[in-house]
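Below is one structure, written out as structure tokens; the observations come after it.
The values are calculated or read from the model by the stated rules, or taken from the named source; none is laboratory data. Everything numeric in this text was worked out from a predicted model, so none of it was measured. Counting neighbours? That spans all protein chains shown, and the Cβs are built from the backbone with ideal geometry, glycine included.
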Amino acid sequence: MSRAAVFLSQIEAFLTRTGMSPTAFGRLVLNDPNFVRDLRRGRKPNLDLVEHVHEFMAQHDGAALFASETPK
């Protein structure tokens with residue numbers, strides 16, 4: 001599984017756990033309501049963006065599992 005696919009699966013799991021919509025997530029995290037849709041369509045995130053999203057999820061989910069799920 002590619003890093004982008006793992007990243008998207010982490011976001012999808014967060015959305016499932018929290019009940020947050022993809023549009024709300026994108027708006028809150030990056031002020032981009034199309035962020036998740038774009039990832040689903042193949043957008044490749046840079047490392048700074050991945051880090052920012054992981055920080056947001058950790059703060060809003062209370063889970064610190066994202067670092068351990070990221071492939072090396």
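Only one entry in Val29, Val6, Val36 is touching a residue at least 60 places away in the same chain (Cβ under 8 Å) and under 11 Å from the mean Cα position of the chain (by Cα), namely Val6. Residue count for the stretch 35-44 under the criterion of being touching a helix residue (DSSP H, G or I) at 6+ places or on another chain (Cβ under 6 Å) and not β-branched (Val, Ile, Thr): the result is 3. For the stretch 4-41, the tally of residues that are loosely packed, with under 14 Cβ neighbours inside 10 Å, at pLDDT below 95 and outside any helix (DSSP H, G or I) stands at 1.
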